Amino acid sequence: MHKCLVLLVITAAACGQGDRAQPQQQPSPAGLAHASQADLAREIAEADRLGTWPELQRRWQGQTVRWTVTRQRLLCRSAGDCNVAAFPIQRPARQGWMPELQFAPGQYDVLAGVCGDREACDVTIEGTLRQLEVSAELPTSVQLANVKIVTARS
Amino acid sequence: MTKLIQSLAIAGLTLGAGALTASASSHREAPAIAEDQYVDNTDVYAFISPNNPGNLVIVADYVPLLLPASGPNFYKFSDNARYEIHIDNDGDAVPDIAYRWTFRSQRKNGATFLYNTGPVDSLTSPNLNVTQTYRLEKVNERTRQTTTIMDNVPVAPWNVGSRSFASYEPVALQAVTTARGVTSFAGPRDEPFFVDLHVFDLLGVGGAHTTDGVNVMSLVLEVPITDVASRGTRPVAGASGKTSVVGIYASASRPRVRFLRSGRGHDNFGDFVQVSRLGWPLVNEVIIPLQDKDKYNRTSPRDDVANFGAYILDPEVPKLLNLVLHANCAPTPAMGRLDIVGLLGPNGTKAADLLRININQGQTNNDSHFPNGRALTDDVTDTLLTVACNNGGKVGDGVDANDKPFTASFPYLASPHSGNPPRP
């Protein structure tokens, strides 16, 4: 009996981990097409207060978003290693996350072309929020997939 | 906290700009780890050996701010934890190698409350009642292959006092062990980090040596550089690629499940979960805000930019320095603090909270100063405050050196303070 109980607890703990890692397959709710990263940040802060992490993840994960972000060359040096600043610098950094971009074919080259050698440049991108890690236990991380460059300016 | 600081500023509180904010490098820096003292990383140091430029020395300190007179259960390492030093040798911020210490406690006589039952003059003394030993393993973190380097190695005892140890340090140094070209020490040492901890009294620093007189639990490792270099080859002098530096962080992990049984002690189950980590000094202390401090300790350096990058690009420290101490720090540039990002990712490596050190041929101990590694004597508080403030001037906490001199030979750290020093 005792061994069974131990096994149950360990299994439950392992399953809990798996649940967090699995993307939730939910129908896409309407209303996020024009939602900004500031909206997401606001909902994250709210979830931190209310514990509504699962609802937040279900609402946002899988959505296509169009955001203006800042690409710092040092932090986005290749198609396989690219994070961008979601918020303007000098805004109080209330959250630490920087979205990871996974580009649609050829789109990193487009980004590199329009930003050139500039240390930082602002770009408007469109992509799918493929993975959104939000919980009380782990830091927020955001992964945008199939990213396309919409506009860019220095 | 911010409101308090604002209130102070409004009240007209001004402090000298030469004595600015600081905190212990990573001592009790996050809420969860403050409840689990034995696995709390405090500092990591890395430098080319002063005695053999072919060797790298790494120090990982744990268990912060220890009073020397802390009996009868003197401090030690946890028997239910893994203590690890991780090394990334190809610049991707993913560890390639780990050195792992695991500990086991013993006692000779359970019918006494005494740590030692008489004077102790060697590690094999029958009077040394409570002892601890360890196994040191090298782990290939890519393949998970594990090799035991040494086993049943003694931990240096606590410096109980002059009645127990007529001459403590020779006994402690018997714990220095070499096997397979690797030299290891585990045990108490004088706390090497120097700082004015009065920062937590509303930034009231002014040169007080608040970490003098306390001890810490140290793991010290000296290894051939070829043991940790990518492909086992030390880069040539002047090499500037990603493999010319190694990135180091230390961590502690606990078993995933702990069973407490009424009247029957406890058992541990499951794989190990990281509960603490540290690379650079002061990152989790003053870069990461309260809401993410525990989360930082649970994550890996490779995800630092994705998880915490915005805090690095626009750190809070210079704003507080300006607000409270009128330090005239430079505003964050519009593109963010790319200078700090560059320091966290030298030679094209991925930016991460790793203590990186150049391992090229020709590098010597004199080259090992923060942020290229970290020497025991480095005043990292002043260095980081100066970098953070970024106004061309030097800022610091007014504490510039350790209370005890460091030693020229392994394990390089100073002998721990005695729990009962000889009285005049």
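The values are calculated or read from the model by the stated rules, or taken from the named source; none is laboratory data. Bear in mind that the values here come from a model prediction, so they are computed numbers and not experimental data. Because the Cβ atoms are built from the backbone with ideal geometry, glycine has one as well, and the counts that use them run over all protein chains shown. Please note that ligands, DNA and RNA were not included when accessible areas were found on the heavy atoms of the full protein model with its side chains. Shrake-Rupley method; radii C 1.70, N 1.55, O 1.52, S 1.80 Å.
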* **Signed unit charges on C-beta, dipole axis of chain B, positive-most listed residue B:364, B:106, B:239** => B:106
* Sites matching trypsin sites (Lys or Arg not before Pro) across the range B:333-424 that sit in DSSP coil, with at most 12 neighbouring C-beta atoms within 10 Å -> B:394
* Structure fact -> Heavy-atom accessible area of residue B:193, protein chains in place, probe 1.4 angstrom, given in Å² to nearest 10, is 10 Å²
* Asked: Spin-label point model (7 Å from Cα, Cβ direction): what's the residue B:328 to residue B:291 distance in nm?
  -> 3.4 nm
* With contacts defined as alpha carbon pairs under 8 Å and 6 or more residues apart, what's the relative contact order of chain B in percent? -> 25 percent
* Accessible area buried between chains B and A, both sides summed, probe 1.4 Å, in Å² to nearest 100 -> 2700 Å²
* Structure fact -> Length gained if residue B:269 through residue B:227 is fully extended, taking 0.36 nm per residue and subtracting the Cα-Cα distance, is 11.9 nm
* Asked: Which entries in B:295/B:319; B:76/B:293; B:295/B:350; B:242/B:394 show an alpha-carbon gap greater than 22 Å?
  -> B:295/B:319; B:76/B:293; B:242/B:394
* **Minimum 20 Å² accessible area buried by the other protein chains, the range B:255-297 residues, probe 1.4 Å, relative to alone** => B:256, B:257, B:259, B:261, B:269, B:291, B:295
* **Where the Cα pairs of chain B fall when distances are cut into 20 Å bins, in %** => 26, 57, 17, 0
* To do: Report which residues of the range A:46-78 become buried by 20 Å² or more of accessible surface when going from the isolated chain to the complete set of protein chains (1.4 Å probe; DNA, RNA and ligands ignored).
  => A:48, A:72, A:74, A:75, A:77
* Asked: By the gyration tensor of its Cα atoms, with a ≥ b ≥ c the square roots of the eigenvalues, what is the shape of the protein assembly as shown: rounded for a/c under 1.5, prolate for a/b over b/c, or oblate?
  -> prolate
* Structure fact -> The alpha-carbon center of the range A:70-84 and that of the range B:86-129 are separated, in whole Å, by 44 Å
* Asked: Given the protein chains as shown and a 1.4 Å probe, how many square angstrom of residue B:210 are accessible, to the nearest 10?
  -> 40 Å²
* To do: Note every residue of the range A:109-142 with a reduction of at least 10 square angstrom in accessible area, all protein chains present versus the isolated chain, computed with a 1.4 Å probe, or write none.
  => A:119, A:120, A:136, A:137, A:138, A:139, A:140, A:141
* Using a basic spin-label model with each label point 7 Å from the Cα along Cα→Cβ, how many nm lie between residue B:92 and residue B:302? -> 0.6 nm
* Structure fact -> With +1 on the Cβ of every Lys and Arg and -1 on the Cβ of every Asp and Glu, the dipole magnitude of the range A:34-153 about its Cα centre, in debye rounded to the nearest 20, is 240 debye
* Asked: Under unit Cβ charges (Lys, Arg +1; Asp, Glu -1), what dipole magnitude, rounded to 20 debye, does the range B:217-373 have relative to its Cα centre?
  -> 500 debye
